[in-house]
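The values are calculated or read from the model by the stated rules, or taken from the named source; none is laboratory data. Because the structure is a prediction, the values reported are computed rather than measured. Virtual Cβ from ideal backbone geometry, glycine too; neighbours counted across all protein chains shown. Quick note on the areas: whole protein, heavy atoms, side chains included, nothing else; ligands and nucleic acids left out. Shrake-Rupley method; radii C 1.70, N 1.55, O 1.52, S 1.80 Å.
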Amino acid sequence: MAAMTDTTTIDATLLAHLQTWQGKSEALCDSFTVMPVAALSATLDRDDPRPAIGTVVPPLWHWLYFLPLARASEIGPDGHPRRGGFLPPVPLPRRMWAGGRLSWEPANPLCVGQQVQRRSTIQSVKHKAGRSGELLFVQVEHQYHNARGLALTEEHDIVYRSAAQPGDPAPAPQQPPLAGQQAWSRSIVPDDVLLFRYSALTFNGHRIHYDRKYVTEVEGYPGLIVHGPLIATLLLDLLRRELPQAQVARFDFRAVRPTFDLHPFSVHGKPSADGKTIELWAQDHEGFLTMQGTATLA
């Protein structure tokens, strides 16, 4: 099977239709149970005590909850739920997690055992024509409330892209701005088991993370793609390993370049002089920047 071909264009009429989703909101409730936290701890090879009621959910581990539970008949050919519903029905075939900004309320943490409500609102739908085709950016705000009120505000950036075409330019490689200045480093081997377990924990059926034939022959990538949320989680996991008592108040991150399972990659951190800000980044086996983030401590 050849790489997918696609001639979808986002014209003014279609963009106007997709932008009618701006302002759309929904509210969902979920129980923050023990098992997902214990399972992700094992997946990341952490020696944590088994979580109990009242255990604070580590930063970004809230992504283990509020999972999209589309029925099997509602799944598209890429393993994702079919377009439409809460998110706009963008016709571009490739969907990626581009980054986000999160702010925690230090006095009101999310904890195991809590009933949590997530209120989600589509903030914007924007179009851009890139070097490799059409791009559409959707920004969603999530507010997480427990019994005491607001606990976390998250802005989530999603990018939809045209199908891969022969001869498409690869993203321009970037050197990490702080390359060689890291205070902390850790090497990660993105093997099939790690990718499978994270997909299972987040109920993510997207085939780019586990179906090698699909990702190489249909989407045109060289290997399985490491989940963007997993890399972001590993960045903050590095911080937690180095500063176990630190409390993260804010985290901003952006994905720069795909990471594939073909080689180990690495995560790095450098605290500021006052220790309140931590620059975090991931780089591939060639040393190119793949994700960049900044954590601010409470």
Exercise. Separation between the S31 and S185 pseudo-spin-labels, each 7 Å from Cα along Cα→Cβ, expressed in nm?
Worked result: 4.6
For this session: Please list, in chain and number order, the residues 5+ apart from Q174 or on another chain whose amide H is under 5 Å from its amide H, with Hs placed from the backbone.
Result: L289
For this session: With θ set to phi - 60°, apply the Karplus curve 6.51 cos²θ - 1.76 cosθ + 1.60 along the range 64-76 and write out the HN-Hα couplings as whole Hz, x wherever there is a Gly or Pro.
Result: 7, 10, 6, 7, x, 10, 5, 5, 4, 6, 9, 8, x
Problem set entry | About the Cα centre, charge dipole magnitude for the range 27-140 (Lys/Arg +1, Asp/Glu -1 at Cβ), debye | 540
Problem set entry | Spatial separation of Cα centroids for the range 177-243 and the range 80-142, in angstrom | 19
Exercise. In nm, what is the difference between 0.36 nm times the number of residues separating A249 and F137 and their Cα-Cα distance?
Worked result: 37.7 nm
Problem set entry | Largest-first principal axis extents of the Cα set of the range 62-204 (Å) | 53, 47, 33
Problem set entry | Neighbour-limited loop hits for trypsin sites (Lys or Arg not before Pro), the range 33-116 (at most 11 other Cβ within 10 Å; DSSP other than H, G, I, E, B) | R71
Exercise. Out of A107, A39, A232, any idea which swings most in a Gaussian network model of the chain, alpha carbons joined below 10 Å?
Worked result: A107
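With r defined as the distance between the Cβ atoms of N108 and E217 and R0 fixed at 35 Å, what FRET efficiency is calculated, to the nearest 0.05?
E(calc), rounded to 0.05, equals 0.15.
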Problem set entry | For W184, distant residues with modelled amide H under 5 Å away | G269
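Could you calculate the contour length gain from R82 to H17, that is, 0.36 nm times the residue separation minus the distance between their Cα atoms, to one decimal place in nm?
21.6 nm
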Problem set entry | Accessible area, probe 1.4 Å, largest first, for residues C111, C29 | C29, C111
For this session: Could you tell me what percent of the accessible area of the chain is made up of carbon and sulfur, with a 1.4 Å probe and every protein chain present?
Result: 55
Exercise. Which helices, counted as full DSSP H runs in the chain, have an axial Cα extent of no less than 18 Å and a Kyte-Doolittle average of 0.0 or above?
Worked result: 228-242
Exercise. E105: accessible area at probe 1.4 Å, nearest 10 Å²?
Worked result: 80
Problem set entry | Most to least accessible of H17, H145 (protein chains only, probe 1.4 Å) | H17, H145
Problem set entry | Reachable lysines, given that their alpha-carbon falls under 19 Å from the alpha-carbon of K24 and they are not under 8 places away in the same chain | K126
For this session: May I ask you to evaluate 6.51 cos²θ - 1.76 cosθ + 1.60, the Karplus curve with θ = phi - 60°, for each residue of the range 18-28 and list the ³J(HN,Hα) values in order in whole Hz, giving x for glycine and proline?
Result: 5, 6, 5, 6, 4, x, 5, 9, 8, 10, 10
Seminar exercise, completed: Candidates L243, L136, L60; GNM for the chain (alpha-carbon contacts under 10 Å) flags as most fluctuating L243
Problem set entry | chymotrypsin sites (Phe, Trp or Tyr not before Pro) restricted to the range 259-295 and DSSP loop, no more than 13 other C-beta within 10 Å | none
Problem set entry | Antiparallel bridges, percent of DSSP beta bridges restricted to the range 125-260 (to nearest 5) | 100
Problem set entry | Per-residue ³J(HN,Hα) for the range 210-222, Karplus 6.51 cos²θ - 1.76 cosθ + 1.60, θ = phi - 60°, Hz, x for Gly and Pro | 8, 10, 5, 4, 5, 5, 8, 8, 9, 8, x, 8, x
For this session: Send over a whole-number figure in Å² for the accessible area per residue of the range 99-154, probe 1.4 Å.
Result: 42
Problem set entry | Set of lysines with alpha-carbon distance to K276 below 23 Å, sequence-local pairs under 8 removed | none
For this session: Assuming 1.306 mPa s and 10 °C, estimate D for the chain with Stokes-Einstein, Rh taken as the Kirkwood radius over Cα pairs, in µm²/s.
Result: 79
For this session: Restrict the search to the range 193-242; then list the chymotrypsin sites (Phe, Trp or Tyr not before Pro) that DSSP places in a loop and that have at most 15 other Cβ atoms within 10 Å of their Cβ.
Result: F203
